[in-house]
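Okay, structure first, notes after.
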């Protein structure tokens, strides 16, 4: 039998290179919502951009000084840009795969050497974005539409999305931010749609009616229900939270102080979750002997607990704590504190606010789920408001 001598390192090199090449090609590497970076994060493409209003003002001042220097040197100064931008959806969707359409209205002819960039968390991801987009112009060539399909923005991270547009080298660049969705408890707008959920219209009407009776935003309640139970009135969690608004036994204590006539079933305290689910499916525990299975009472109970949490955070000592970190404008953060408390408990949220200040959501290891929860409820709430797709479709 003929024996083969082992290959030398030099002879093995082609095989090693082929194996390495195959591995690299089969691995897309780190990804972002618009594609992937390759096999590693391109640190050389990370740039410092104006990511808040203070930095934007500072950037404008720097540009004014630069323009003055150019004029002093006798060069052509950059003209002020009149370009505007519209997004569809108008704000980020953090709960489902969505379209992402950008319309730039330049007010004058868009030059052939225009430049447009998209930055995600300060990384330039323009190539991936444009490679997977459809670009069209109107007849006058004053507007451009960039349509990207299949944008997935995960709620467990922040997404700073910034568009930079410059028509030519003689016109200043414009920056447009694609913002995260926000939602207010106090906005009494009408609940019209709850896409992508397929929900009985009677339930939609009940959410809208009860919310208005309680002077609370019906889209806010619908967003909470979407995240808590996906509109399943018989939902039971591992913590024995039950119904549309997933009220726990602990939360129920506060609710029943004002709703003493609402029925409760003793078996929920005694038995395990699988047995409770079976008893609900067989009708042993039902909407007549357990208030959390009654759709209307579950909606009202969830609102009652939200109002309890609102009163908790408006206590003098808690209000002072919020004011210490956020100043006088507490309405926006109050909504977030209430939602985080609904998900993870008010005491835990208060400890995080005391320890981390404004970074209570990001830096607390105890509030990882609450971070996603707040973002998703806000996203559902915002996107339950119908948008005018025709306005974006027209160039």
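Bear in mind these aren't lab numbers, they're just calculated from the coordinates by the rules spelled out. Just so it is clear, the structure is predicted and the values come from calculations on it, not from any experiment. Here the Cβ is made from the backbone with ideal geometry for all residues, glycine too, and neighbour counts use every protein chain on show.
Before moving on, here are some points about what is shown:
- The modelled label-to-label distance between residue 330 and residue 141, using points 7 Å beyond Cα along the C-beta direction, is 5.7 nm.
- Rel. contact order, % - alpha carbon contacts under 8 angstrom, at least six apart, the stretch 250-310: 35 percent
- Reported to the nearest whole Å, the Cα centre-to-centre distance from the stretch 323-343 to the stretch 244-274 is 27.
- Sorted by Cβ density within 10 Å, fewest first, the residues 351, 118: 351, 118
- In plain terms, the residue of 374, 349, 103, 273 with the fewest other Cβ atoms within 10 Å comes first and the most crowded comes last, giving 273, 103, 374, 349.
- The relative contact order of the stretch 201-383 comes to 23 percent, based on Cα pairs under 8 Å that sit 6 or more residues apart.
- Cα shape, the stretch 201-383, gyration tensor, a/c 1.5 rule: prolate
- Residue list for the stretch 166-204, given a label point 7 angstrom along the Cα-to-Cβ vector of residue 213 and an amide N cut-off under 20 Å: 186-192, 200-204
- For 295, 190, 108, order by how many other beta-carbon atoms lie within 10 Å, fewest first: 190, 108, 295
- When you restrict to C-alpha pairs under 8 Å that are six or more residues apart and normalise by the size of the stretch 128-203, the relative contact order lands at 16 percent.
- Residue-span extension gain [residue 288 to residue 385] - 0.36 nm each, minus C-alpha spacing: 31.6 nm
- Were the residues from residue 115 through residue 261 laid out at 0.36 nm apart, the gain over their Cα-Cα distance would be 46.0 nm.
- Size of the stretch 187-247: Rg and Dmax of its alpha carbons, in Å, are 11.5, 34.
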